[in-house]
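First the structure, in the form of structure tokens, and then the observations on it.
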Amino acid sequence: MAYTPYDWQQTLSQKADYAEDRLRNGSPVVAISADDGIVLMTTQRAQQKIFEVYDQLAFAGIGTPSDLEAIRVRAVDFAHAEGYQRSPEDVSIQRVVGFAISPLLKQAFADPLRTPLVLRGVFAQLGRTPADDLFFVLNYDGEFVSQRRYGMAAGAGVAEDHMQVALDAHAGTGSTDAQVSISREDALELALRTWTSGQWALATGGSEGETVELPDQTELDEVLTWGDDLPTEAEKALGRDVGSHYFITDWPSEVKPFYIKDHDHDPELSTGFDLMHPSLELVSGGQREHRYDHLIEGFEQQGLDPEAFEYYTKMFRYGMPPHAGWGLGAERLIMTMLGLENIREAVLFPRDRQRLSP
């Protein structure tokens, strides 16, 4: 079976929505360097969320318990194999994340036939001094960043933004390279304050901070500028103002996939649209690019080799009529129309862990 660029882009978007939706209510995790070690802090209801990987290596994360356990096992096995085959000094958090964990997550996220692993975590390595401590923050798509002084992970960007503010306020700077001496007790207190900031933002949507004027003067935590995608709190603000289903049209071209056609009269505007409801996004759609030369240009702008997609693009050489598309799930539409709390209430025979048939 051949997959078109439409399928690939939509699959990645759907997988990201799937993971973000399941991470949204996860309890944040915080890791902070202290004078005599590293403090890792979170709260838990049942499953463990902080693990030792190897001597001076640790992992804390949010996500589904089975996926967290799979990553823990893989990290532990890789680290011990490295220590046995090489030496304990060769075992580093950079190799664990970069060679053992990140490729696994990227493969699961890119495979259209696999469910992505649902987790976001912080890997910590204790150095000889606090200045040598190292943190890697890893996402469900396999992307990761390294940091000094601290690391953190939460279920939504607005929560991580508030946690960053709390940590930077202590450091007195926005640079993660700055070193601030802190005792273990002070590090634990700072971790608790940081966790509280993130959990508060998750519960409230982060309604304080800089503002942008919307019809109801709703306060947001960031100023929106042209070319930005709408953050979750902005979508919620629009939903509260509209109060029912609504369309967002004329999106900036740069935030839409390259196969969405731009307006002929204004190439900075795309023909893409979203059908929204105050509680969630229902569907994205738009007119597709049917002109061969524009399609090839779109591939090149994304850094993709057009020849690798010749099986798809060759039909456009001979003329393709203008066309558009979208896919709407009937159950989601019914759920929002009737005000149901869970999509399973709109499915005739829902399936879950306790029900497989009929």
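What follows is calculated from the coordinates using simple rules that are stated; it is not laboratory data. Keep in mind that this is a model prediction, so the values were computed, not measured. All Cβ positions, glycine included, derive from the backbone under ideal geometry; neighbour counts span all protein chains shown.
Quick look at the values:
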{"quantity": "Gain on full stretching of the segment that runs from PHE99 to GLU331 - 0.36 nm per residue minus C-alpha separation", "calculated": "79.5 nm"}
{"quantity": "Modelled FRET efficiency - R0 22 Å, VAL145 with LYS106, Cβ distances, 0.05 increments", "calculated": "0.90"}
{"quantity": "Charge context of SER183, other residues only, Cβ under 14 angstrom, K/R +1, D/E -1", "calculated": "-4"}
{"quantity": "Point-charge dipole on Cβ atoms (K/R +1, D/E -1) for region 5-204, about Cα centre, debye to 20", "calculated": "360 debye"}
{"quantity": "For the chain, calculated [θ]222 nm from helices alone, where every DSSP H run of n ≥ 4 adds -39500 (n - 2.57)", "calculated": "-10500 deg cm²/dmol"}
{"quantity": "Förster radius 51 Å - calculated FRET efficiency between GLU185 and LYS314, Cβ distance, rounded to 0.05", "calculated": "0.15"}
{"quantity": "Local electrostatic count at THR271 - Lys and Arg +1, Asp and Glu -1, tallied over other residues with Cβ under 10 Å", "calculated": "-1"}
{"quantity": "Residue (of MET41, ASN139, TYR54) at the positive-pole extreme of region 23-146, dipole from beta-carbon charges", "calculated": "ASN139"}
{"quantity": "Separation of alpha-carbon centers, region 291-358 and region 236-269, rounded to whole Å", "calculated": "17 Å"}
{"quantity": "Charged-residue dipole, Cβ positions (Lys, Arg, Asp, Glu), the chain about Cα centre, Debye nearest 20", "calculated": "1580 debye"}
{"quantity": "Dipole in debye (nearest 20) - region 244-327, about Cα centre, beta carbon charges: Lys, Arg +1; Asp, Glu -1", "calculated": "380 debye"}
{"quantity": "Residue exposure sequence - TYR18, TYR318 - by fewest surrounding Cβ within 10 Å", "calculated": "TYR318, TYR18"}
{"quantity": "Fewest-first ranking of ASP293, ASP161, using other Cβ atoms within 10 Å as the exposure measure", "calculated": "ASP293, ASP161"}
{"quantity": "Among GLN48, GLN85, GLN199: highest mean-square fluctuation, GNM of the chain, C-alpha pairs under 10 Å", "calculated": "GLN85"}
{"quantity": "With eigenvalues of the C-alpha gyration tensor scaled by 5 and rooted, the chain, Å", "calculated": "38, 26, 22"}
{"quantity": "Theoretical gain in end-to-end length, ARG74 to GLN47 [0.36 nm per residue, Cα-Cα removed]", "calculated": "7.9 nm"}
{"quantity": "Local electrostatic count, LEU192, Cβ distance below 12 Å [Lys/Arg +1, Asp/Glu -1]", "calculated": "-2"}
{"quantity": "Gyration tensor (alpha-carbon) shape descriptor, region 30-141, a/c threshold 1.5", "calculated": "oblate"}
{"quantity": "Cα-based Lys pair tally, the chain, threshold under 25 Å, eight or more apart or on separate chains", "calculated": "10"}
{"quantity": "Which of PHE349, HIS263, PHE309, positive extreme of dipole for the chain (C-beta unit charges)", "calculated": "PHE349"}
{"quantity": "Label-to-label distance, nm, for residues given as SER244 and HIS290 (7 Å Cα→Cβ offset)", "calculated": "3.3 nm"}
{"quantity": "Region 5-204 shape via C-alpha gyration tensor axes, a/c threshold 1.5", "calculated": "oblate"}
{"quantity": "Top positive-direction residue, dipole computed over region 1-129 with Cβ charges, set THR11, PHE109, GLY83", "calculated": "THR11"}
{"quantity": "Relative exposure of HIS265, HIS277, judged by other C-beta atoms within 10 Å (fewest first)", "calculated": "HIS265, HIS277"}
{"quantity": "Relative contact order (percent, whole number), the chain, Cα cutoff 8 Å, 6+ residue spacing", "calculated": "12 percent"}
{"quantity": "10 Å Cβ shell holding at most 16 others, DSSP loop, trypsin sites (Lys or Arg not before Pro): longest site-free stretch of the chain", "calculated": "129-290"}
